[in-house]
Amino acid sequence: MRNLLLKSLLVITLIFSVSCSNDDEVRTTTLIFTPTASISNSETLTYNLGAFGDKNLTSILTQANNAEVSELRVNETTGEVYYFYQPQAGFIGHDFVRLITETGPLGSPESTIAMQANIDIEVSY
């Protein structure tokens, strides 16, 4: 009788563990790349991030600290997203910007990060 009770408990435990699994769970992969760009303090960096289905899904997560210009622009013809950076006058050193592209409405619970670019910008004379 005890053996039958143990087997029954084991079967019930297995049923609950299988029924509680979430087969609808979506697994995503985030592409992370960390390029280094070098420019002089009189130049403007233009970085092509590529074309995405919705140009509004790319945003600046961490803004560059020493920038006169740090912004995303879209080529309306090709759909490619570009990051533009121009250092503040007289700035020499390293700056950093983090850009992300999401898969759904920005900031929504359904959205996941598909691409993250951590760009280290080296500014020289």
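The values are calculated or read from the model by the stated rules, or taken from the named source; none is laboratory data. Quantities reported herein were computed from a predicted structural model and do not represent experimental measurements. Note that we place each Cβ from the backbone using ideal geometry, even for glycine, and neighbour counts take in every protein chain shown.
Taking the stretch 36-59, which residues are under 23 Å from residue 124 (Cβ atoms) and either under 14 Å from the mean Cα position of the chain (by Cα) or aliphatic (A, V, I, L, M) (or both)?
Within the stretch 36-59, 37, 39, 45 qualify.
So, in the stretch 71-125, exactly how many residues are over 17 Å from the mean Cα position of the chain (by Cα) and among the aliphatic types (A, V, I, L, M)?
Of the residues in the stretch 71-125, 5 are over 17 Å from the mean Cα position of the chain (by Cα) and among the aliphatic types (A, V, I, L, M).
One line per residue, one yes/no per condition, for (1) more than 17 Å from residue 35 (Cα to Cα); (2) of a type outside the set (Ser, Thr, Tyr); (3) touching a Leu at 6+ places or on another chain (Cβ under 6 Å):
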{"site": "63", "(1), (2), (3)": "no, yes, no"}
{"site": "84", "(1), (2), (3)": "no, yes, no"}
{"site": "101", "(1), (2), (3)": "no, no, yes"}
{"site": "109", "(1), (2), (3)": "yes, yes, no"}
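Would you confirm whether any residue within the stretch 71-90 is modelled with pLDDT of 90 or more and in contact with a Pro (Cβ under 7 Å, 6 or more places away or on another chain)?
There is no residue in the stretch 71-90 that is modelled with pLDDT of 90 or more and in contact with a Pro (Cβ under 7 Å, 6 or more places away or on another chain).
Of all strands (runs of 3 or more DSSP E) completely enclosed by the stretch 32-125, which ones contain at least 3 residues that are touching a residue at least 40 places away in the same chain (Cβ under 8 Å)?
Where strands (runs of 3 or more DSSP E) fall fully within the stretch 32-125 and carry at least 3 residues being touching a residue at least 40 places away in the same chain (Cβ under 8 Å), they are 36-40, 45-51, 58-62, 80-87, 93-102, 113-124.
Suppose we keep only residues that are more than 22 Å from residue 113 (Cα to Cα) and among the acidic types (Asp, Glu) within the stretch 62-100. Which one would you say is surrounded by the most Cβ atoms within 10 Å (Cβ to Cβ)?
Of everything passing the filter in the stretch 62-100, 95 is surrounded by the most Cβ atoms within 10 Å (Cβ to Cβ).
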